[in-house]
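Enquirer: Please see the structure below; I have some questions.
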Amino acid sequence: MISLTSPVEIWAHRLPAWLKLAALSLATVCLFAIESPAVLALAVAAVAGLFLTGGRVFLAEGFRNLRILWTFLVLIAVWHGVTGQIEAGMAIALRLLAAVALANFVTMTTRLGDMIDVVSFLLTPLRRLGLSTRALELAIALVIRFTPSIARKGALLTQSWRARSPRRPGWQIVMPMAALAIDDAEHVAEALRARGGLE
Amino acid sequence: MTMQSPLPPKAAASDPNARSSAAPSPVLKLAGVTLRLGQHEVLSGIDLRADERRIGIVGRNGSGKTTLARLLAGLVAPTEGTAEISGVDMAKDRKAALRKVGILFQNPDHQIIFPIVEEEIGFGLTQMGLPKAEAAARSHAMLERFDKAHWAKAPVHSLSQGQKQLLCLMAVLAMEPALIILDEPFSGLDIPTRMQLMRYLDGVEASIVLISHDPAALRDFDRVIWLEAGRVREDGAAGPVLTRFERQMRLWGEEDDLSDLSG
């Protein structure tokens, strides 16, 4: 389902999360400063090379994680093809590809807990003001925990519908899915209370 | 922190260093406990005192077993009466409750909060005030105690139902509560998985309250409490209570009370 940290351990897993995030921010700013498609193509090649240092399995996983991006890239290419700005379209597509792949690289090589620690550090000023940031840190973990679980429940509802209807399910399963999500939320609240809550 | 292996159960039970011989068992005390959810009275006037190390709770669906488990763990407060473990109100003093009582829900998916195995185990420990590094070290020690060190980085959604239940057990054990409440932890698991989990449980030093539909699982327990319609119907040694429970269940099984609607 959603793949985050890669099970293939590479050298980058051992780097501190803040360093990776800082390097990512810097690299992204640079990518947006570059206009030439040729240089951006080089950047894409460099990112591919970065993935290759993790081995072939890691590279393949990196490719799979970019699946969702292809539709956007095709859309951008078609649009700029129609409006005749082919060079600008190439630049945007390559920039997007390099930036997203690089961000994925950081995600794939950083444990969620370390990522949350960085967020927590960045939120230190808020804590100084007396606001609790634990809820936010927990929220990040909960989203990742429950996205596959709610997706699976949606699939089960779809099957339950199909078992009794020749038509495909549509909006009708939205309400029961929302109800299931609320149900999940109540269970998590109880699980949290069982282990000390958020105070 | 004792790091004894949960296997084999006999050796664990007779270990002279085991906590059971060192620390006194926690004392459960319910006095006039009634719990209403809306109009419905789920538990009615329960009086109970128990300090046995292995306590079983049986009863039909809807007899109030799960509610009693949540009440004992301090997740819900009684509408009337008091519920205490070793003199402390679990619903009011949540901080003390973390050290006194752990609960394993029927469905591990309702219990697991975190996406990664080691985070799930570590959470309870940081909640108890341990620094992150120490919590991580203890999580790993717990995984190693069950020979599951390779699970540390695994995403929880990749685990099977039995594996998730074991993860929940490890997360609860890591907090070293004096009492562990298990709410039908084995329903829906196949026989080998159930046997393996049961063996892990046998080796646990903490006192245990196990809610079960399966009289066989409670046969060796020190005490069995039979709930019926929110009241204690029988309470005593496992053998006689379970025999009468099974006989009654079979009698009711021949009737048709499935058609009765509650309320």
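The values are calculated or read from the model by the stated rules, or taken from the named source; none is laboratory data. What you are looking at is a predicted structure, and each value in this text was computed from that prediction instead of being measured. Quick reminder, even Gly has a Cβ in these numbers, built from the backbone with ideal geometry, and neighbours come from all protein chains shown. Heavy atoms of the whole protein, side chains included, go into the accessibility calculation; ligands, DNA and RNA do not. Shrake-Rupley method; radii C 1.70, N 1.55, O 1.52, S 1.80 Å.
Enquirer: How well do other chains shield peptide B:147-156, expressed as the mean number of their Cβ atoms within 10 Å of each residue Cβ?
Expert: Partner-chain Cβ atoms within 10 Å, mean over residues of B:147-156: 2.
Enquirer: Now for a different question. Rounded to the nearest 10 degrees, what's the angle between the helix A:37-52 long axis and the longest principal axis of chain A, both from Cα atoms, 0 to 90?
Expert: The two axes meet at around 50 degrees.
Enquirer: Against the longest principal axis of chain B, how steep is helix B:117-127, in degrees 0 to 90 to the nearest 10, with axes from Cα atoms?
Expert: 80
Enquirer: Amide H of B:LEU227: which non-local residues (sequence gap of 5 or more, or other chain) have their own amide H closer than 5 Å, using H built in the peptide plane?
Expert: B:VAL58, B:GLY59, B:ARG233
Enquirer: Moving on. On a 0 to 90° scale, report how tilted helix A:67-83 is relative to the longest principal axis of chain A, with both axes built from alpha carbons and the result rounded to the nearest 10.
Expert: Around 50 degrees separate the two axes.
Enquirer: Once you keep just the Cα pairs under 8 angstrom separated by 6 or more residues, what percentage relative contact order results for chain A?
Expert: Dividing the mean separation by the residue count of chain A yields 25 percent.
Enquirer: Given the options B:SER160, A:VAL100, B:ASN61, identify the residue whose Cα lies farthest towards the positive end of the charge dipole of the protein assembly as shown (+1 on Cβ of Lys, Arg; -1 on Cβ of Asp, Glu).
Expert: A:VAL100
Enquirer: Round to the nearest 0.05 the FRET efficiency obtained for A:ALA103 and B:ARG199 when R0 = 45 Å and r is the Cβ-Cβ distance.
Expert: That pair, A:ALA103 with B:ARG199, gives E of 0.50.
Enquirer: Taking all protein chains together and a probe of 1.4 Å, list B:ARG53, A:ARG162, B:ARG94, A:ARG167 from the most accessible to the least accessible.
Expert: A:ARG167, A:ARG162, B:ARG53, B:ARG94
Enquirer: When the chain is fully extended, how far beyond the present Cα-Cα distance does B:ARG233 get from B:LYS95, taking 0.36 nm per residue of separation?
Expert: 46.4 nm
Enquirer: Which value, in Å² rounded to 10, gives the accessible area of A:HIS187 with a 1.4 Å probe and all protein chains present?
Expert: 40
Enquirer: Residues of the range B:20-94: accessible area per residue at 1.4 Å, in Å²?
Expert: 44
Enquirer: How much accessible surface does B:ARG250 have with a 1.4 Å probe, in Å² rounded to 10?
Expert: 150
Enquirer: Additional query: A plus B alone minus the pair: what accessible area, both sides summed, probe 1.4 Å, in Å² to 100?
Expert: Chains A and B together bury roughly 2400 Å² of accessible area.
Enquirer: From the Cα gyration tensor of the protein assembly as shown, with a ≥ b ≥ c the square roots of its eigenvalues, which class applies: rounded if a/c is under 1.5, or else prolate if a/b is larger than b/c, or else oblate?
Expert: Prolate.
Enquirer: Further question on the same structure: What does the helix-only formula give at 222 nm for the protein assembly as shown: each DSSP H stretch with n ≥ 4 adding -39500 (n - 2.57), the total divided by the residues, and the result rounded to the nearest 500 deg cm²/dmol?
Expert: That calculation yields -16500 deg cm²/dmol at 222 nm.
Enquirer: Charges on Cβ only, +1 for Lys and Arg, -1 for Asp and Glu, centred on the Cα centroid of the range B:12-255; of B:VAL209, B:ALA133, B:MET170, which one is farthest towards the dipole's positive end?
Expert: B:ALA133
Enquirer: Taking all protein chains in place and a 1.4 Å probe, what share, in percent, of the accessible surface of the protein assembly as shown do carbon and sulfur account for?
Expert: Answer for the protein assembly as shown: carbon and sulfur cover 62 percent of the accessible area.
Enquirer: On the full set of protein chains, 1.4 Å probe, figure out the accessible area of B:THR79 and give it in Å² to the nearest 10.
Expert: 70
Enquirer: Only Cα pairs under 8 Å and at least 6 apart count here; give the relative contact order of the range B:170-260 as a rounded whole percent.
Expert: Across the range B:170-260, relative contact order equals 21 percent.
Enquirer: So which of A:LYS153/B:LYS153; B:LYS95/B:LYS153; B:LYS95/B:LYS148; B:LYS65/B:LYS153 end up more than 31 Å apart by C-alpha?
Expert: B:LYS65/B:LYS153
Enquirer: On to the next question. Leaving out same-chain residues fewer than 8 places away, which aspartates and glutamates sit with a Cα under 18 Å from that of B:LYS92?
Expert: A:GLU190, A:GLU199, B:GLU80, B:GLU84
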